[in-house]
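Written out below as structure tokens is the structure these notes cover.
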Amino acid sequence: MKELSRLVGEMEYDGLIAGLNPAAVVGGGTLAALTAEAEYERGTVLAKSTKNGQLYILGSTAAEGDTLTPDCILCDDTKIGATAQTTAVYLAGCFNSSKLITAEGYTLTEADKDKLRERGIFLKAVAD
């Protein structure tokens, strides 16, 4: 006989998702390869390349002739190395703007927020 009252797992609220409307939509995206291995944390804002369609951390410098447009948010902590890899990303939803991560030294601009909104990603200020 199984115990239906035993603890199966635990979850800690990290504050990334700030509302139920619009609903969070998860899909796949391809993270571009890096020269040195790194770990992107959950909540990292990713920008899509117009050249190859791969995703880069927002605030990265685009290659010559390329444009990086804010596109989605990383669902889970992900290690990325010398090869591109597919990972889960949020394509839409309502997110806490203070929990989002960008490249070091980069600040999310109003233009970035507008591009994310066009894709169904809404940002909301939430008191911690």
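The values are calculated or read from the model by the stated rules, or taken from the named source; none is laboratory data. None of the values given here were measured: they were computed from a predicted structure. Reconstructed Cβ throughout: ideal geometry from the backbone, glycine too, with neighbour counts over all protein chains shown. All accessible areas refer to the heavy atoms of the entire protein, side chains included, with ligands and DNA or RNA removed. Shrake-Rupley method; radii C 1.70, N 1.55, O 1.52, S 1.80 Å.
Residues of the stretch 83-114 falling in the label zone of A62, defined by backbone nitrogen less than 11 Å from a point 7 Å along Cα to beta-carbon, are absent.
What is the sum of charges, Lys and Arg at +1 and Asp and Glu at -1, for the other residues whose Cβ falls under 13 Å from the Cβ of G81? Intermediate results must be reported in sequence, preceding the final value.
On the way: positive: K79; negative: E37, E39.
Neighbour charge sum, excluding G81 itself: -1.
Given the choices (1) 116; (2) 131; (3) 150, volume of the Cα convex hull per residue in Å³ derived from the coordinates of this structure is entry (3).
Once backbone amide H atoms are built at 1.01 Å from N, I101 has T44, V45 as its partners under 5 Å, excluding neighbours fewer than 5 places away on the same chain.
Solvent exposure of S97, expressed as accessible area, is near 40 Å², computed with a probe of 1.4 Å over the protein chains only. Model label points for Y106 and E41, set 7 angstrom from Cα along the Cα-to-Cβ axis, are 1.6 nm apart. Across the chain, C-alpha contacts under 8 Å between residues 6 or more apart give a mean separation that, scaled by the residue count, equals a relative contact order of 31 percent.
Quick check on the chain: helices-only [θ] at 222 nm, where DSSP H runs of length 4 and up contribute -39,500 (n - 2.57) each and the sum goes over total residues. Nearest 500, please. It would help to have the intermediate numbers written out before the result.
Details: 1 runs with 9 residues, N = 128.
Result for the chain: -2000 deg cm²/dmol, rounded to the nearest 500.
In the complete set of protein chains, residue-level accessible area for Y56 is approximately 60 Å², probe 1.4 angstrom.
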